[in-house]
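Asker: Let me give you the structure first, and then I'll get to my questions.
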């Protein structure tokens, strides 16, 4: 993978074309971190992840895939994945996920996290949260939201963090998308 070879702090020790070959290479190379796709020939990424955990290997697992459905994400973590990143994530996000796992931290990129978020509906949100969501969907900045609601900017940021947690997102655009997808706010 080109982005990995450009990172000065990451050494690629092998690359497999299918799950069976990955298992063979894991036995001989003993890498610290394994990047797996969910869909691979012979043995899929879930199968390889399960093998890693059963084998007693200390390799940590990063799933790097195009599939971000809640079932895929859940299965990956149950099989032993330490992080889950979609292939269309930014180079920085992919590299940071690998680095976090290397430092014994896990993670999940935003799109799969959104899919796993609880199914929030309008009755789960306060009227003020729905108002903030509507202002986000309209493209307002924190400063403008604060002015319209009579709040300081730091109070808007605090409320946004709480709202993002309820929606299972980390960014305004994702919050707006979730709000529209779940029918919390009408797109204008």
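Asker: Can you tell me how many residues in the range 28-60 are without any contact (Cβ under 8 Å) to a residue 12 or more places away in the chain and part of a helix (DSSP H, G or I)?
Answerer: 2
Asker: Return only the number of the condition from (1) under 24 Å from the mean Cα position of the chain (by Cα); (2) modelled with pLDDT of 90 or more that residue 28 does not satisfy.
Answerer: Unmet condition: (1).
Asker: Which one of the conditions (1) modelled with pLDDT of 90 or more; (2) surrounded by fewer than 21 Cβ atoms within 10 Å (Cβ to Cβ); (3) within 18 Å of residue 97 (Cβ to Cβ) does residue 47 fail to meet, given that it meets all the rest?
Answerer: (3)
Asker: What are the residues in the range 2-17 that are touching a residue at least 12 places away in the same chain (Cβ under 8 Å), part of a loop (DSSP other than H, G, I, E, B) and more than 16 Å from residue 29 (Cβ to Cβ), if any?
Answerer: 7, 9
The values are calculated or read from the model by the stated rules, or taken from the named source; none is laboratory data. Small disclaimer: the values here were computed from a predicted structure and weren't measured. All Cβ positions, glycine included, derive from the backbone under ideal geometry; neighbour counts span all protein chains shown.
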